[in-house]
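The values are calculated or read from the model by the stated rules, or taken from the named source; none is laboratory data. All values derive from a computational prediction rather than experimental measurement. No Cβ is skipped: glycine too gets one built from the backbone with ideal geometry, and neighbour counts run over all protein chains shown. For the accessible areas, the whole protein counts, side chains as well, though only heavy atoms, and no ligand, DNA or RNA atoms are used. Shrake-Rupley method; radii C 1.70, N 1.55, O 1.52, S 1.80 Å.
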Amino acid sequence: MMNIRRQKHRVPALNTTSTADISFMLLIFFLVASSMDVDKGLSRQLPPADNQQKQEESAVNKNRLMTIKISAQNELLIDDKPMAIDKLHEKVESFILRLGKSHMISLDADPKSDYNTYFNVQNELVRAYKAWRDATARKVYHRPFGKLTNDEKEKIKDMCPQRIAETYNLQEGGAQ
């Protein structure tokens, strides 16, 4: 009889020593190569949290005041006349160009109105002020507002202030 030996077959193992290094390099690559979205918001001065603070009243000439109202049905009213939101920036821009620094805009949104409508109105207001500041920068510095230095931008902002008063109808059951 022949003595037959069985050979043990070994399964070759994968060399995984560099797998952790490759994974780490891929992680670093994707962190550096990807873009992070930054939340954007509205640049507005919020009312103070302290209700004890005194609010000063000021007399406003009705001829220098534009009232913007958003109704509960999301209708836009400019000085109690209906208007489409996409026409708002033209109306506001002509208003502030006519009156300059002495203008005042009052924004009143019904608590039951849609947030998207409010946000669209805010965007149109920002668009109008941006156009006013850009026109003033071109007149004063012969360059658009975006190409000015920080000091020049501050001077234009002083010349073209945002004068928006927002009213809060909390007593009518709005958000708190």
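Brief remarks on what is shown
- Burial order of peptide ranges 17-23, 4-10 (average beta-carbon count within 10 Å, highest first): 17-23, 4-10
- Carbon plus sulfur fraction of accessible area for region 96-135, probe 1.4 Å, in percent: 50
- Of the listed residues R163, R127, the order by accessible area with a 1.4 Å probe, largest first, is R127, R163.
- Summed side-chain charge close to K157 - residues other than K157 whose Cβ falls under 13 Å, Lys, Arg +1, Asp, Glu -1: +1
- Cut-off 11 Å between beta-carbons: net charge of the residues surrounding L99, Lys and Arg +1, Asp and Glu -1: +4
- All lysines inside 24 Å of K147 as judged from Cα atoms, apart from same-chain residues fewer than 8 positions distant: K40, K101, K130, K139, K155, K157
- Within the assembled protein chains, the solvent-accessible surface assigned to D108 is about 40 Å², based on a 1.4 Å probe.
- Residue-normalised accessible area of region 93-168, expressed per residue, 1.4 Å probe, Å²: 58
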